[in-house]
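The values are calculated or read from the model by the stated rules, or taken from the named source; none is laboratory data. In this text, all values refer to a predicted model and were calculated from it rather than measured experimentally. Note that we place each Cβ from the backbone using ideal geometry, even for glycine, and neighbour counts take in every protein chain shown. SASA here: full protein model, heavy atoms, side chains in, ligands and nucleic acids out. Shrake-Rupley method; radii C 1.70, N 1.55, O 1.52, S 1.80 Å.
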Amino acid sequence: MKIAFSPSSALGQLLLLRSVAIVIQILMLMIAALVFGKQFDFVAVVGVVAAESVFQLLSIYAYRNTKEAAPIGMTMQLLADILFLTILLDLTGGATNAFVSLLVLPTVIAAVTIPTINMLMVSASAIGAYSYLYVKMSHEHVHHMDMSTHLLGMLVNFTFTIIVVATVVSLLVKQNRKKERAIAALREQQLQQEQLIALGSAAAQATHQLATPIAHLALLHEELEESYPNDPGVQEMSTPLGKCKEQLDVFREFTEYLKSASKQAMSITQFAEQLKGLANLQFPQQHFKFDLHGLDGAVCDDPMLTPSILNLISNGVRANEASGKSEIKVSISSLSTHHVITILDSGIGIDEKRLKQLGHQVVSSESGLGMAVLLSHATIERLGGQLAIENNNTGGTKCTITLPKVSDETTVS
């Protein structure tokens, strides 16, 4: 029989621990029968161990195709362990049995493997089992042994132990899981940064290799302008060549910015007007509605900030063109500690599955790989901001950029 769950899983460890416990119980029964004699209901105890063994085999068979049991499944398994252990203790001395403290073990396992509400259920069952064993002790036997106070103290101690174990172990497990999530998030961020560094290296290499050919083309274009000043083709070449040279200059400026240790600040009002002018200049076929209100303070004058937001606007433009719309709403406002920029297009929105991946990883689609959004997201995060992309209730895609306020003066990092 092929078993899907791993021995290292919570379910696998529980079943393995129970198997070991059953083997130990059988060995102890054999020793008790040979050495101490039958001072208890031997047949009843053997029947309980046999029933526990059958339950173990049924559990393995039931979970053979499951990699990990659901919380309710683990809870039922632990409650079954408490039930079998309580019956065994009841048949072998009850609350006076030296192994009564084993009732703590299911609570410890529950605190590590199942949610808090299920763990409380298991803990309450363990306390209830011990209370049952205490109450069932015959008053004559307790009085004869003069152990009433001792057994009551054991019950109180057991209850206190369950509470302490459940609380401490649960807190430790929650802290450990929180650290694991933080490490996983840090690892994911590191992988994303490595991907961006690789993209940046490739872009730098491509820019370096294109600089010389573009310079040669510019010289050839100048010669053609002198020889054929009225040729339409020669005149049309000036615009794309000018854009190529402009992008090379932006890249050089950004490189120098990264080398420097200082950061310049730009008034949010100046930034908003600059963004408004560039958007209308680059996308004249679109109708932009800029809502600028409560502008106060400044933003970091990073050379990649404006291109990053223009990338998001460009995505909105493509969405509008695909749906035959032309309206884009851009809202810029200032709050006490940060600025908020909202971009809302009139497209059909983005598929929910792709929406969760945009800005965090490369996403393949008919319009590209989502590289612009990924780079924009990285730039905004580098400046201490946040980018949220969601589908608007009334249609279209809504991008919300949050940027921290900086001093109007130059700041040094």
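Looking at region 169-192, which of its residues are of a type in the set (A, V, I, L, M) and open to solvent by 70 Å² or more (accessible area, probe 1.4 Å)? I'd like the intermediate steps shown before the answer.
Let us first name the residues in region 169-192 that are of a type in the set (A, V, I, L, M), namely 169, 171-173, 182-186, 191.
Leu171, Leu172, Ile183, Leu186, Leu191, listed by residue number.
Yes or no, residue by residue, for (1) in contact with a strand residue (DSSP E or B) (Cβ under 7 Å, 6 or more places away or on another chain); (2) modelled with pLDDT of 85 or more; (3) under 24 Å from Leu186 (Cβ atoms):
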position: Ala298; (1), (2), (3): yes, yes, no
position: Thr379; (1), (2), (3): no, no, yes
position: Gln386; (1), (2), (3): yes, yes, yes
position: Val412; (1), (2), (3): yes, no, no
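When you look at Leu278, is it open to solvent by 30 Å² or more (accessible area, probe 1.4 Å), in contact with a Lys or Arg (Cβ under 9 Å, 6 or more places away or on another chain) and modelled with pLDDT of 85 or more, yes or no? Don't jump to the end; show me each part of the working.
Numbers: open to solvent by 30 Å² or more (accessible area, probe 1.4 Å): yes; in contact with a Lys or Arg (Cβ under 9 Å, 6 or more places away or on another chain): no; modelled with pLDDT of 85 or more: yes.
No.
Conditions tested, residue by residue: (1) within 28 Å of Phe84 (Cβ to Cβ); (2) modelled with pLDDT under 85; (3) among the small types (Gly, Ala, Ser).
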residue	(1), (2), (3)
Ile117	yes, no, no
Ser125	yes, no, yes
His143	no, yes, no
Met147	yes, yes, no
Gly153	yes, yes, yes
Thr167	yes, no, no
Ser170	yes, yes, yes
Ala185	no, yes, yes
Glu188	no, yes, no
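Can we say Phe5 is aromatic (Phe, Trp, Tyr) and either under 25 Å from Thr161 (Cβ atoms) or more than 34 Å from the chain's Cα centre (by Cα) (or both)?
Working: aromatic (Phe, Trp, Tyr): yes; either under 25 Å from Thr161 (Cβ atoms) or more than 34 Å from the chain's Cα centre (by Cα) (or both): no.
In short, no.
Looking at this structure, is Ile3 out of contact with any Cys (no Cβ under 7 Å at 6 or more places or on another chain), within 28 Å of Asn176 (Cβ to Cβ) and modelled with pLDDT of 90 or more?
Working: out of contact with any Cys (no Cβ under 7 Å at 6 or more places or on another chain): yes; within 28 Å of Asn176 (Cβ to Cβ): yes; modelled with pLDDT of 90 or more: no.
In short, no.
For region 8-28, name all the residues that are open to solvent by 80 Å² or more (accessible area, probe 1.4 Å) and under 36 Å from the mean Cα position of the chain (by Cα).
Once the filter is applied, which keeps residues that are open to solvent by 80 Å² or more (accessible area, probe 1.4 Å) and under 36 Å from the mean Cα position of the chain (by Cα), region 8-28 yields Ser8, Gln13, Leu16.
Since Lys67 meets every condition but one in (1) assigned to a helix (DSSP H, G or I); (2) under 40 Å from the mean Cα position of the chain (by Cα), which condition does it not meet?
So the condition that Lys67 fails would be (1).
Kindly check whether there is at least one residue in region 78-90 that is exposed (fewer than 13 other Cβ atoms within 10 Å of the Cβ) and either modelled with pLDDT under 85 or over 23 Å from Leu15 (Cβ atoms) (or both). Walk me through how you get there before you give the answer.
Pass one, region 78-90, residues exposed (fewer than 13 other Cβ atoms within 10 Å of the Cβ): none.
Among the residues of region 78-90, not one is exposed (fewer than 13 other Cβ atoms within 10 Å of the Cβ) and either modelled with pLDDT under 85 or over 23 Å from Leu15 (Cβ atoms) (or both), which makes the answer no.
Restricting to region 380-399, name every residue that is open to solvent by 80 Å² or more (accessible area, probe 1.4 Å) and more than 21 Å from the chain's Cα centre (by Cα).
Result: Asn393, Thr394.
Taking only pairs six or more apart or across chains, which ones have beta-carbon atoms under 6 Å, a first residue in region 263-282 that is within 13 Å of Thr306 (Cα to Cα) and of a type in the set (A, V, I, L, M), and a second residue that is part of a loop (DSSP other than H, G, I, E, B) and modelled with pLDDT of 85 or more?
Cβ pairs passing all conditions: Ile268/Leu295; Ile268/Gly297.
For Ser59, are the conditions met, namely being free of Cβ contacts under 8 Å to residues at least 60 places away in the same chain, hydroxyl-bearing (Ser, Thr, Tyr), surrounded by fewer than 16 Cβ atoms within 10 Å (Cβ to Cβ) and part of a helix (DSSP H, G or I)?
Numbers: free of Cβ contacts under 8 Å to residues at least 60 places away in the same chain: yes; hydroxyl-bearing (Ser, Thr, Tyr): yes; surrounded by fewer than 16 Cβ atoms within 10 Å (Cβ to Cβ): no; part of a helix (DSSP H, G or I): yes.
When the stated conditions are applied, Ser59 does not pass them.
Quick one: in region 38-56, of everything that is in a helix (DSSP H, G or I) and free of Cβ contacts under 8 Å to residues at least 12 places away in the same chain, which residue is most open to solvent (accessible area, probe 1.4 Å)?
Looking only at region 38-56, we keep the residues that are in a helix (DSSP H, G or I), and these are 42-56.
Checking the rest, the ones that are also free of Cβ contacts under 8 Å to residues at least 12 places away in the same chain come to 43, 47, 50, 54.
On the way: Val43: 114, Gly47: 40, Ala50: 50, Val54: 82 Å².
Filtering first and then ranking leaves Val43.
Condition first: in contact with a Ser or Thr (Cβ under 9 Å, 6 or more places away or on another chain), under 22 Å from Val48 (Cα atoms) and surrounded by 15 or more Cβ atoms within 10 Å (Cβ to Cβ). Can you find one or more residues in region 105-116 that meet it?
yes
Pairs please, first residue from region 327-348 and more than 20 Å from Gln270 (Cα to Cα) and assigned to a strand (DSSP E or B), second anywhere and open to solvent by less than 20 Å² (accessible area, probe 1.4 Å) and among the charged types (D, E, K, R), Cβ atoms under 7 Å, 6+ apart in sequence or on different chains.
Partner pairs satisfying both residue conditions: Ile328/Asp345.
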